[in-house]
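Only one structure is covered here, and it is reproduced in the block below.
Each value in this text was obtained by applying a stated rule to the coordinates, not by laboratory testing. All figures in this text were calculated on a predicted structure; none of them were measured in a lab. Reconstructed Cβ throughout: ideal geometry from the backbone, glycine too, with neighbour counts over all protein chains shown.
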Amino acid sequence: MYNVTKPMYENITLVKNGFYYTPFNGNILPDYFNYTVSDYNTTVSSTITINIKTYLHTAVRDNFIILKYKVSTLDVLANDYDSAGDPITIIINSR
């Protein structure tokens with residue numbers, strides 16, 4: 001048996017063998033929650049502290065000149081970056 005308190009800034013979902021912690025978009029504040037586990041003979045409690053790291057993706061405006069009757073290529077990610085150095089990709093949504 002276990003019990004979990006609600007974190008201050010995020011959401012916790014209890015599941016069969018524990019819980020899922022889901023951060024809300026935009027939160028950068030540290031968060032914490034308490035949990036208690038019991039086997040009906042012994043009960044123990046603890047606090048979990050979560051420090052949320054945010055890494056920003058920065059898309060820089062592109063300027064591009066296309067000459068009439070010429071084939072042109074633009075690498076739209078060439079001047080964009082991720083503050084953690086992670087790769088950036090383009091996702092194309094089509095309907």
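The relative contact order of segment 2-50 comes to 36 percent, based on Cα pairs under 8 Å that sit 6 or more residues apart. With R₀ fixed at 22 Å, the C-beta to C-beta distance from Asn63 to Asn25 puts the FRET efficiency at about 0.10.
Residue by residue, segment 29-45 carries 3J(HN,Hα) couplings of 7, x, 9, 8, 8, 9, 9, 10, 10, 9, 10, 6, 10, 10, 10, 10, 10 Hz when phi is fed to the Karplus relation 6.51 cos²θ - 1.76 cosθ + 1.60 (θ = phi - 60°); x denotes Gly or Pro. Please give the net charge around Ile12, taking every other residue with its beta carbon less than 14 angstrom from that of Ile12, where Lys and Arg add +1 and Asp and Glu add -1. So the environment of Ile12 carries a net charge of -1. Dipole check for the chain: with +1 at the C-beta of Lys and Arg, -1 at the C-beta of Asp and Glu, and the Cα centre as origin, the magnitude is about 360 Debye. With viscosity 1.567 mPa s and temperature 4 °C, the Kirkwood radius over alpha carbon pairs of the chain converts through Stokes-Einstein to a diffusion coefficient of 72 µm²/s.
Based on the convex hull around the alpha carbon atoms, segment 2-50 presents an average projected area of 3.4 nm².
Between Asn17 and Ile91, take the C-beta separation as r, use R0 = 30 Å, and let me know the FRET efficiency to the nearest 0.05. Between Asn17 and Ile91 the formula returns 0.35.
Contact order, relative form, for segment 19-94: 23 percent (alpha carbon pairs under 8 Å, 6 or more residues apart, mean separation divided by residue count).
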